[in-house]
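> Got a structure here, written out as structure tokens. Questions coming.
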Amino acid sequence: MAGKQLPSSSLARARAASPRGLLAAAALLLLLLLAASYSLLLSPSSPGGLASPSSGPGSAADTAFLASLDRFLASPRRSAPPAPAPGDLDAAIRAEEEARLYGGGAWPAAPAPLRVYVYEMPSRFTYDLLRLFRDSYRETSNLTSNGSPVHRLVEQHSIDYWLWADLIAPESQRLLKNVIRVQRQEEADIFYVPFFTTISYFLLEKQECKALYREALKWVTDQPAWQRSEGRDHVIPVHHPWSFKSVRRFVKKAIWLLPDMDSTGNWYKPGQVYLEKDVILPYVPNVDLCDSKCVSETQSRRSTLLFFRGRLRRNAGGKIRSKLVTELKDAEGIIIEEGTAGADGKAAAQNGMRKSLFCLNPAGDTPSSARLFDAIVSGCIPVIISDELELPFEGLLDYRKIALFVSSNDAVQPGWLVKYLRSIDAKRIREMQSNLLKYSRHFLYSSPARPLGPEDLTWRMIAGKLVNIKLHIRRSQRVVRESRSVCTCDCRVGNSTKMF
């Protein structure tokens, strides 16, 4: 222990220790050094730790979708196309896995990087859709059925762009070292399908979109790797609840990248999504990051107790909103406003969040809402009222450090929510605000992707599923289907939130 002296008798015994004791002491010292190195690596304030949000190889990282997309489309194609599948893909994969397992004579001390094979899909599924989005971005005023600007919806669900752009970038420009792109399918742990399902849903005519979905489905399911695993080791971004909807039933064994689970069945059919196989990703925030300087400047101006700006009426689980409006509209220190689109609406939401201690985050049409991530990057403590909500990267992050969870039943009781918020002491508020500043990096997509950013945490979550994925692939290859049913191991238990 630091600062503690060993007595001279102990030193004498240490000098006389047996070789076995010396080996044990050396092993213990090595473990302590490894633990200290790991702690420094994960420390946000460590001088030699991970890159800061503004770091990058040669220039600052882009966090604006359109600016990054312009640069991406203007740059030359990232690399040579990957190699096709070998004649016997399954045998090649088995040989590669055995070489990795037994090659060093022992299990590796640290996990190897996740190896991702990125399909080289025809441009109608990738580059053509990105160009369609960029070229029409400033020329459209189309709105969805609920009044939301189409392109803004695409942007807040643009996780498919951020992941793909990082994966196919030259390795010299990438910051993430725990995930690498491989060119040979037999080397891959995971296969990434770079189809822009959200852009195609919103910017193509309905029948044209459905036709493109069918084409993409055929292209992917014709691949040898898909046929070998039935898609279990394939990652498909379907981050908008409506995207890829007409063909989802054919890809339900794949890993879906989702905004939430929605156990009500309004958006996903039973058996299609569950935590064992899928990954929840955050929305792209609508507002700008309130960094450490901003947090310091706004600290004394956070005079509003609770703030909400958005649609006051929603369907499904979002019906809680109208009840909350009725309960809170006349309460002192609380601002509840109908949201508006465009730059003015964004500015009003951003200013309101930066002047508030707490931000209300009720369910929308789905259990999740982009407003949660707007609150986090604004330094406004989220008050989550969404009993079926699943959160991004919850296997890695403890949301109790940055948010309050309140049941719907409690929230609508007369006077209950205001009394509860006023009972939170100043020390806890300061701690949560400090944690929000630390956690904000986990919800900011960027190019290049940064360590501990959402792209990094996505691959860490998927890496944690690898052994189970391989279990189901191998089991499906040997189970006699006529005599035994293949286990699905669905994990669809609803998340009933409660107050912390």
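> Among the residues of the stretch 297-309, is any free of Cβ contacts under 8 Å to residues at least 40 places away in the same chain and either outside any helix (DSSP H, G or I) or among the aromatic types (F, W, Y) (or both)?
There is no residue in the stretch 297-309 that is free of Cβ contacts under 8 Å to residues at least 40 places away in the same chain and either outside any helix (DSSP H, G or I) or among the aromatic types (F, W, Y) (or both).
> Using the structure shown, decide if S246 is open to solvent by 10 Å² or more (accessible area, probe 1.4 Å) and in the same structural domain as N351 (by the TED database).
Criteria not met by S246.
> Among the residues of the stretch 94-105, is any among the hydroxyl-bearing types (S, T, Y), modelled with pLDDT under 95 and either under 26 Å from the mean Cα position of the chain (by Cα) or open to solvent by 40 Å² or more (accessible area, probe 1.4 Å) (or both)?
yes
> A further question follows. Out of the residues in the stretch 390-435 that are in contact with an Asp or Glu (Cβ under 6 Å, 6 or more places away or on another chain) and either under 24 Å from L289 (Cα atoms) or free of Cβ contacts under 8 Å to residues at least 60 places away in the same chain (or both), which is most open to solvent (accessible area, probe 1.4 Å)?
Filtering the stretch 390-435 for residues that are in contact with an Asp or Glu (Cβ under 6 Å, 6 or more places away or on another chain) and either under 24 Å from L289 (Cα atoms) or free of Cβ contacts under 8 Å to residues at least 60 places away in the same chain (or both), the one most open to solvent (accessible area, probe 1.4 Å) comes out as W416.
> Output yes when any residue across the stretch 279-289 is out of contact with any Pro (no Cβ under 7 Å at 6 or more places or on another chain), over 30 Å from N351 (Cβ atoms) and open to solvent by 60 Å² or more (accessible area, probe 1.4 Å), and no when none is.
Checked against the condition, which is being out of contact with any Pro (no Cβ under 7 Å at 6 or more places or on another chain), over 30 Å from N351 (Cβ atoms) and open to solvent by 60 Å² or more (accessible area, probe 1.4 Å), the stretch 279-289 yields no hits at all.
> Would you call E215 among the acidic types (D, E) and surrounded by fewer than 20 Cβ atoms within 10 Å (Cβ to Cβ)?
The answer is yes for E215.
> While we're here: Identify the single condition in (1) farther than 21 Å from T366 by Cα; (2) out of contact with any Asp or Glu (no Cβ under 6 Å at 6 or more places or on another chain); (3) open to solvent by 20 Å² or more (accessible area, probe 1.4 Å); (4) not hydroxyl-bearing (S, T, Y) that R228 does not satisfy, given that it satisfies every other one.
(2)
> Hey, another quick one. Within the set of pairs 6+ apart or on separate chains, which have a first residue in the stretch 350-376 that is free of Cβ contacts under 8 Å to residues at least 40 places away in the same chain and closer than 22 Å to L281 by Cα, a second that is in a strand (DSSP E or B) and among the small types (G, A, S), and C-beta atoms under 9 Å apart?
Once the first residue is free of Cβ contacts under 8 Å to residues at least 40 places away in the same chain and closer than 22 Å to L281 by Cα and sits in the stretch 350-376, its partners that are in a strand (DSSP E or B) and among the small types (G, A, S) give A375/S356.
> Now a separate question. Name every residue in the stretch 114-128 that is open to solvent by less than 80 Å² (accessible area, probe 1.4 Å) and either in a helix (DSSP H, G or I) or at pLDDT below 95 (or both), in order of residue number.
S123, F125, Y127, D128
> With D456, D387 as the choices, which residue is in contact (Cβ under 8 Å) with a residue 40 or more places away in the chain, within 23 Å of the chain's Cα centre (by Cα) and in the same structural domain as I336 (by the TED database)?
Exactly one of D456, D387 is in contact (Cβ under 8 Å) with a residue 40 or more places away in the chain, within 23 Å of the chain's Cα centre (by Cα) and in the same structural domain as I336 (by the TED database), namely D387.
> Follow-up question, since we're still on this one. Looking only at the stretch 371-388, count how many residues are open to solvent by 10 Å² or more (accessible area, probe 1.4 Å) and over 17 Å from L437 (Cα atoms).
Adding up the residues that qualify gives 2.
The values are calculated or read from the model by the stated rules, or taken from the named source; none is laboratory data. Keep in mind the model is a prediction, meaning the values are calculated, not measured. Virtual Cβ from ideal backbone geometry, glycine too; neighbours counted across all protein chains shown. For the accessible areas, the whole protein counts, side chains as well, though only heavy atoms, and no ligand, DNA or RNA atoms are used. Shrake-Rupley method; radii C 1.70, N 1.55, O 1.52, S 1.80 Å.
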